[in-house]
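The values are calculated or read from the model by the stated rules, or taken from the named source; none is laboratory data. Quick caveat, the model's predicted, so the values are computed rather than measured. FYI the Cβ positions are ideal-geometry reconstructions off the backbone, even for glycines, and counts take in every protein chain you see.
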Amino acid sequence: MNIDLKYLYSLGNTILINEPLKMHTTIKVGGITPYYIIPKTKQIFINTLDYIIENKINFKIIGGGANLLINDDTLNFVVLSTEYLTGYSLNENILISEVGIPISRLSYIAMENSLSGLEFAVGIPGSLGGALFMNAGAYGGQMSDIVTEVEAYDIIERKTIILKKELLNFNYRKSIFQERRYISLSAKINLYKKDITNIKNKMKELSEKRWEKQPLEFPSAGSFFKRPKPDFYVGTTIEKLGLKGFSIGDAEVSNKHAGFIINKGNAKFEDIINLAEKIKKVVKEKYGEDLEIEPEIWW
Ligand SMILES: Cc1cc2nc3c(=O)[nH]c(=O)nc-3n(C[C@H](O)[C@H](O)[C@H](O)COP(=O)(O)OP(=O)(O)OC[C@H]3O[C@@H](n4cnc5c(N)ncnc54)[C@H](O)[C@@H]3O)c2cc1C
């Protein structure tokens, strides 16, 4: 890969060479990228994107790595991390934040300022950018309820633009960012004043539910399949099919929540894919539904 490391350092990047991506995913799987680039500021992130796109270098963006399943092989793309993009400002009920901030942390910032709307995000792993990408949601709330606009980098025009909510194409676990033209940089979030005790209690209740229902003690990428239709509960279906605890290698259908595939130690990419295919096959045979894998797969 032809890349001018000196130039990238001079922009203000931290660069990890031959970095195993399993160090950066919540399921602890992922091969080696030649360059893992961490821009220190939003402007450095933009300048780095400019360089990478101008030089036609294969790249991917990573936030918290909570919705990714990555091949174990050596990878032929560089990875740009948003982890240092954590600046935010608050003006009355409007929160503007850069995309690298953990979405769960944003829910605490809102709560500390008696602002409601982000309670649903407590305990969702990953960054604001990843949450925009997936229109992340839980317990009746989702990003599309609160985001009013997003500042994004347009890969084709190579400039930053503002995408108003109508243009974000939010839907169930979908957004315009999945079309790959735009990379989010910051978002404007509309919250509303509420009594802090109410917000705190709601967040406590939702956190407890998560710990009770989800196998948070094991590495995973969260719910492994999207709901094929609103009233089709994937975890319950897999459980009814007797697949709880079924495993291939160290990849296992969680005994606590059958919608999760967990890594019991040294699961390989292939184990997880094979396990997912097995589940898909059985669900198709018994229920006629085609399950779609929720995490992004990087081959
Ligand atoms: C235990 C557990 C529980 C979970 N619970 C939930 C839940 O309740 N609800 C839910 O919706 N999800 C849940 N998830 C999934 C995950 O937390 C969300 O999808 C989260 O939004 C992923 O964010 P991330 O920053 O980790 O994204 P990553 O995994 O880093 O990236 C995912 C995709 O987003 C893209 N991306 C990231 N940042 C940007 C950016 N700035 N611009 C453009 N593209 C970008 C990446 O390129 C990649 O394609 C859970 C996951 C785990 C492990």
Discussion item. Here are the criteria: (1) within 11 Å of the ligand (Cβ to nearest atom); (2) among the hydrophobic types (A, V, I, L, M, F, W, C); (3) farther than 20 Å from Q214 by Cα. Tell me which single one A66 does not satisfy.
Written reply: (3)
Practice prompt. Scan the stretch 177-227 residue by residue and report those that are away from the ligand (no atom under 13 Å from the Cβ), of a type outside the set (K, R) and assigned to a loop (DSSP other than H, G, I, E, B).
Written response: L191, D195
Worksheet item: Any idea which of T74, T26 is within 15 Å of the ligand (Cβ to nearest atom) and either touching a residue at least 40 places away in the same chain (Cβ under 8 Å) or farther than 24 Å from N263 by Cβ (or both)?
Response: T26
Item to complete: All but one of (1) surrounded by fewer than 24 Cβ atoms within 10 Å (Cβ to Cβ); (2) in contact with a strand residue (DSSP E or B) (Cβ under 7 Å, 6 or more places away or on another chain) hold for L132, so report the exception by its number.
Response: (1)
Discussion item. Report every pair of residues separated by at least 6 positions or lying on different chains whose Cβ atoms are under 9 Å apart, first residue within the stretch 96-115 and under 17 Å from L206 (Cα atoms), second assigned to a helix (DSSP H, G or I) and among the aromatic types (F, W, Y).
Written reply: S107/F120
Worksheet item: When K174 is evaluated against the numbered criteria (1) surrounded by 19 or more Cβ atoms within 10 Å (Cβ to Cβ); (2) more than 10 Å from the ligand (Cβ to nearest atom); (3) assigned by TED's automatic domain parsing to the domain that holds I146, which criterion, by number, is the only one it fails?
Response: (1)
Fill in: Selection within the stretch 228-250 - surrounded by fewer than 15 Cβ atoms within 10 Å (Cβ to Cβ) and part of a helix (DSSP H, G or I)
T236, K240
Discussion item. Which count do you get for residues in the stretch 74-108 that are buried (at least 17 other Cβ atoms within 10 Å of the Cβ) and at pLDDT below 95?
Written reply: 0
Practice prompt. Would you mention how many residues in the stretch 280-299 are of a type in the set (A, V, I, L, M, F, W, C), away from the ligand (no atom under 16 Å from the Cβ) and over 20 Å from Y172 (Cβ atoms)?
Written response: 1
Discussion item. With outside any helix (DSSP H, G or I) and either among the β-branched types (V, I, T) or surrounded by 16 or more Cβ atoms within 10 Å (Cβ to Cβ) (or both) as the only criterion, which of I52, I57, I46 stands out?
Written reply: I57
Worksheet, complete the sentence: Picked from the stretch 177-204 (must be surrounded by 12 or more Cβ atoms within 10 Å (Cβ to Cβ) and among the β-branched types (V, I, T)), the residue nearest to I101 (Cα to Cα) is I189
